[in-house]
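Participant: Structure below; questions to follow.
Only the coordinates and a few stated rules stand behind these numbers; no lab work does. Given the structure is predicted, the values throughout are model-derived calculations rather than measurements. Here the Cβ positions follow ideal geometry from the backbone for every residue, glycine too, while neighbour counts run over all protein chains shown.
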Amino acid sequence: MVKLRLTRLGRKKLPVYRIVAMEALTRRDGKAIAYLGTYDPLKNPAAVTLKEEEILKFLSNGAQPTRTVKSILTKEGVWEKFLATKTIKK
């Protein structure tokens, strides 16, 4: 199963994360299928960059986001776009 999750970058005590699509059983910083954005929690407000079209493509193909990624997508408005396309298809 493909998951949308975070991989850690940055140095000690200064984390920066990538939002990636990868197999669920792959280790945290393992090989990713696609790089979908970045998340910097130390900036105020947290800096987020997303590739919305690619994220929506992965979600529509059945990828499952982790809780943290889902909350980031909700704050950025991508999750609502996904739900809107999901209800239109029915």
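Participant: Would you kindly derive the ³J(HN,Hα) couplings of segment 22-33 from the backbone phi angles with the Karplus curve 6.51 cos²θ - 1.76 cosθ + 1.60 (θ = phi - 60°), listing them in order in whole Hz, with x for Gly and Pro?
Facilitator: 8, 4, 5, 8, 6, 5, 3, 9, x, 6, 9, 6
Participant: Output needed: percent of Cα pairs per 10 Å distance bin for segment 2-89, bins running from 0 to the one holding the longest distance.
Facilitator: The calculated distribution, bin by bin, is 17, 51, 26, 5, 0.
Participant: Using θ = phi - 60° and the Karplus relation 6.51 cos²θ - 1.76 cosθ + 1.60, list the HN-Hα couplings for segment 35-45 in order, rounded to whole Hz, with x at every Gly or Pro.
Facilitator: 9, 10, x, 10, 9, 10, x, 7, 6, 10, x
Participant: Once the piece of chain linking A32 and K57 is laid out straight, how much longer is it, given 0.36 nm per residue of separation minus the C-alpha distance between them? Working shown, then result.
Facilitator: Values: separation 25, 0.36 × 25 = 9.00 nm, distance 1.58 nm.
Full extension of this stretch gives 7.4 nm more.
Participant: Round to a whole angstrom and tell me the spacing of the C-alpha centers of segment 24-57 and segment 1-18.
Facilitator: 7 Å
Participant: Explain nothing, just the number: dipole magnitude of the chain about its Cα centre with +1 on each Lys and Arg Cβ and -1 on each Asp and Glu Cβ, in debye rounded to the nearest 20.
Facilitator: In debye, rounded to 20, the chain gives about 340.
Participant: I'd like to know which of T7, I33, L59 lies farthest towards the positive end of the charge dipole of the chain, counting +1 on Cβ of Lys and Arg and -1 on Cβ of Asp and Glu.
Facilitator: Towards the positive end, the residue furthest out is T7.
Participant: Return the long-range amide H neighbours of L36 (sequence gap of 5 or more, or a different chain), with a cut-off of under 5 Å between placed amide H atoms.
Facilitator: Counting only residues 5 or more places away or on other chains, the set is I19, V20, A21.
Participant: Right, here's the next one. If you build a Gaussian network model of the chain, linking Cα atoms that sit under 10 Å apart, which residue out of A34, A63, A46 swings the most?
Facilitator: Per the Cα network of the chain with a 10 Å cutoff, A46 tops the list.
Participant: Follow-up question, since we're still on this one. Using helices alone, I'd like the mean residue ellipticity at 222 nm for the chain: each DSSP H run of four-plus residues gives -39500 (n - 2.57), total over residue count, nearest 500.
Facilitator: About -10000 deg cm²/dmol.
Participant: In addition: Have a look at P45, P65, P15 and tell me which one the Gaussian network model of the chain (Cα, springs below 10 Å) gives the largest fluctuation.
Facilitator: P45
Participant: Let me ask something else about it. If r is the Cβ-Cβ distance from K12 to D40 and R0 is 22 Å, what FRET efficiency results, to the nearest 0.05?
Facilitator: Approximately 0.90, to the nearest 0.05.
Participant: Oh, and also: Going by C-beta contacts inside 10 Å, put M22, M1 in order with the fewest on the left.
Facilitator: Ascending number of Cβ neighbours within 10 Å: M1, M22.
Participant: For K3, list the aspartates and glutamates whose Cα falls under 13 Å from its own Cα; do not include residues on the same chain fewer than 8 positions away.
Facilitator: Within the straight-line limit of under 13 Å, K3 reaches these aspartates and glutamates: E23.
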